[in-house]
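Written below as structure tokens is the structure these notes are about.
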Amino acid sequence: VFLSDRDGPIHIFKQAIDQPQPELLVGGDDALALPKINPAGTDLLYLVMPKQGQASPNVRIMRMPLAGGPAQLVLEAPGIWNQECARFPATLCIFSPGGMNQQLFFSFDPVTGANTELKSASGIDKDSDLPNWELSHDGKYLARSILKPNQDAAIRILSIADGSNRTVEVKGWSILNGIYWSADDETLWAGGVNPKQAGFGGANTCPLLEIDLDGKVRVMASDSDVCFIVGIPSPDGRYLAVEGAKADTSNVWLLQNF
């Protein structure tokens, strides 16, 4: 499931890995963002962002069946910029409202929209510039990047249950383009930038990394013309969908036997 402007506006598509063409899931002229899947794997959750000049600043989380059907409003709140769900049998879904450097976390019901602040995650936003976060598939941990100028990147791993956290240093890499848990929640995938090479987006500067929870890094893919952004594993761990950018175009690659 992905966003694309292949038919003009940015719409949401789904595409089986053995299909040559995608199917349109969500069209229209709304400002769409962040398509994600509910814990049961049956519904699409996505954001509708406020347009310029729109009276309400609220971002809407919408839900629609992957098999097709009308979209329904789940909830709305000002400034939602990220949302994610764990995978069944876990049922946790989380969204973040507000600015990226003034971060709160709320758990929410992906059907009713009922939500409550996660107090255990309140201390994760005090040590990071330009962060991104990802919920583990079992719903137990938040991983959040720590990116600061002229320093190696790091990842903060926070326990949802009790708020305890630890830092995983990612030595030799200044930027993590995106982070995503592996299918078994044992490692993290990210696109990395090495400060000793050319600037962001240059040749061989954005390889795909696998990072274990002790900070050991393996370079899994590198391309002289492509800046890898993120790697997203299939639920069974057999496949990895890899997003990369090349000049003004983007493509998705499929890696096997990685």
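The values are calculated or read from the model by the stated rules, or taken from the named source; none is laboratory data. Predicted, not measured: the structure shown is a model, and the values here were computed from it. Ideal geometry is used to build each Cβ from the backbone, glycine not excepted, and the neighbour counts take in all protein chains shown. Heavy atoms of the whole protein, side chains included, go into the accessibility calculation; ligands, DNA and RNA do not. Shrake-Rupley method; radii C 1.70, N 1.55, O 1.52, S 1.80 Å.
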> Looking at this structure, is GLY163 touching a residue at least 40 places away in the same chain (Cβ under 8 Å) and touching a helix residue (DSSP H, G or I) at 6+ places or on another chain (Cβ under 6 Å)?
Replying inline: yes
> Out of the residues in segment 103-121 that are open to solvent by 30 Å² or more (accessible area, probe 1.4 Å) and within 18 Å of the chain's Cα centre (by Cα), which is modelled with the lowest pLDDT?
Replying inline: LEU104
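Results for (1) free of Cβ contacts under 8 Å to residues at least 12 places away in the same chain; (2) part of a strand (DSSP E or B), shown as yes or no for each residue.
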{"site": "GLN21", "(1), (2)": "yes, no"}
{"site": "PRO39", "(1), (2)": "no, no"}
{"site": "LEU73", "(1), (2)": "no, yes"}
{"site": "ALA77", "(1), (2)": "no, yes"}
>> Pairs please, first residue from segment 177-191 and under 10 Å from HIS137 (Cα atoms), second anywhere and open to solvent by less than 10 Å² (accessible area, probe 1.4 Å) and of a type in the set (S, T, N, Q), Cβ atoms under 8 Å, 6+ apart in sequence or on different chains.
In response: TRP181/SER136; ASP185/SER136
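Can you find, within segment 137-186, the residue that is farthest from LEU118 (Cα to Cα) among those that are basic (Lys, Arg) and open to solvent by 60 Å² or more (accessible area, probe 1.4 Å)?
We begin by selecting, within segment 137-186, every residue basic (Lys, Arg); these are 140, 144, 148, 156, 166, 171.
If we keep only those that are open to solvent by 60 Å² or more (accessible area, probe 1.4 Å) too, we end up with 140, 148, 166, 171.
Numbers: LYS140: 12, LYS148: 25, ARG166: 18, LYS171: 30 Å.
Among those residues, the one meeting the criterion is LYS171.
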> Is one or more of the residues making up segment 174-193 out of contact with any strand residue (DSSP E or B) (no Cβ under 6 Å at 6 or more places or on another chain) and modelled with pLDDT under 85?
Replying inline: no
> Do we have any residue at all in segment 42-49 that's outside any strand (DSSP E or B), exposed (fewer than 14 other Cβ atoms within 10 Å of the Cβ) and modelled with pLDDT of 95 or more?
Replying inline: yes
> MET64 is checked against (1) of a type in the set (A, V, I, L, M, F, W, C); (2) farther than 14 Å from ASN82 by Cα; (3) without any contact (Cβ under 8 Å) to a residue 24 or more places away in the chain and fails just one. What number does that condition carry?
Replying inline: (3)
